[in-house]
Amino acid sequence: MAINIDTVYQRVLAIANKEQRGYITPQEFNLIANQAQFDIFEQYFYEMNAQERGEEVQDSGSLGDMVDLLEDKIRIFHSLESMGYNGAEESWQPPVGHYRYGNIYLNSRQPKIVDANEINDVRNSLFHNAALTRDPVMYKFGKGWKFYDSGGEITTTTPLIEAVRRPNVARWGYVVVNEQALYNGGSSVDFELHIADETDLIIKILELAGMVINKPQLAAFAGQEEGSNAAEENK
């Protein structure tokens, strides 16, 4: 499912060299490629949020197909992580280093979110406190969360949280032979984006490269290609 980084680099070079639009060094490519990958990665969430709000995004398929494809694109970056209890701050906190977080689970259930001011009312009500045995609650506390069940605050059972990591840093690895950079698969890292985004990735890299190597015509060409690609998708 990953996009081969050498395939992308060779296509980028072929387009950039056409009509002397400019050469992109491996160092420049690696820097630009990761910015392009992250831009497209962020676009996944913009499009997902737009779908959830009922807004239109560029796509030639049905709404259901679009949502399924977006979920497929994001799935590789999803994981279920353990939260850690911070004794100094007296709260459960998500692991650091992730792009964003989702639902929280405690004993395979999603605790109901309540306001911090509600927790005493809930616990002092016989009816609601009995329900906490089955359905614990949680509320935001500082940088983390506090959890309660019918026995009081939960500090020993570890909650789990949905986490989304960033894509791994892509790298076109190479060795220098006769003053030429030759591809080295052993030290290379492919893009983690969905294969369906290969063309968009190439266009995005060309667009960024046009600015980095000061070739306005390359950025303009990438913009034209982006427009043509969008028109093709909407036919």
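Here are some notes:
- Residue match in region 178-196 (condition: surrounded by fewer than 14 Cβ atoms within 10 Å (Cβ to Cβ) and modelled with pLDDT under 90): yes
- Subset of region 1-16 [closer than 19 Å to Val169 by Cα and either open to solvent by 20 Å² or more (accessible area, probe 1.4 Å) or at pLDDT below 95 (or both)]: Met1, Ala2, Asn4, Asp6, Thr7, Gln10, Val12
- Candidates Glu90, Glu71, Glu19, filtered to the one that is surrounded by 12 or more Cβ atoms within 10 Å (Cβ to Cβ), at pLDDT below 95 and at positive phi: Glu90
- Subset tally (residues that are of a type in the set (A, V, I, L, M), open to solvent by 10 Å² or more (accessible area, probe 1.4 Å) and more than 18 Å from Met211 (Cβ to Cβ)) for region 22-52: 1
- For region 133-168, a tally of residues being buried (at least 18 other Cβ atoms within 10 Å of the Cβ) and within 23 Å of Asp115 (Cβ to Cβ) returns 13.
- In region 185-208, the residues that are without any contact (Cβ under 8 Å) to a residue 40 or more places away in the chain never reach a residue that is in a loop (DSSP other than H, G, I, E, B) and surrounded by fewer than 16 Cβ atoms within 10 Å (Cβ to Cβ) with C-beta atoms less than 8 angstrom apart, at least six apart or across chains.
- Number of residues in region 93-127 that are open to solvent by less than 90 Å² (accessible area, probe 1.4 Å), at pLDDT below 90 and farther than 13 Å from Met138 by Cβ equals 1.
The values are calculated or read from the model by the stated rules, or taken from the named source; none is laboratory data. If you're wondering where the values come from, they're calculated on a predicted model, not measured in any experiment. Positions of Cβ are generated from backbone atoms using ideal geometry, with glycine treated the same way; all protein chains shown enter the neighbour counts. When the accessible area is computed, the model is the full protein with side chains, heavy atoms only, and any ligands, DNA or RNA have been set aside. Shrake-Rupley method; radii C 1.70, N 1.55, O 1.52, S 1.80 Å.
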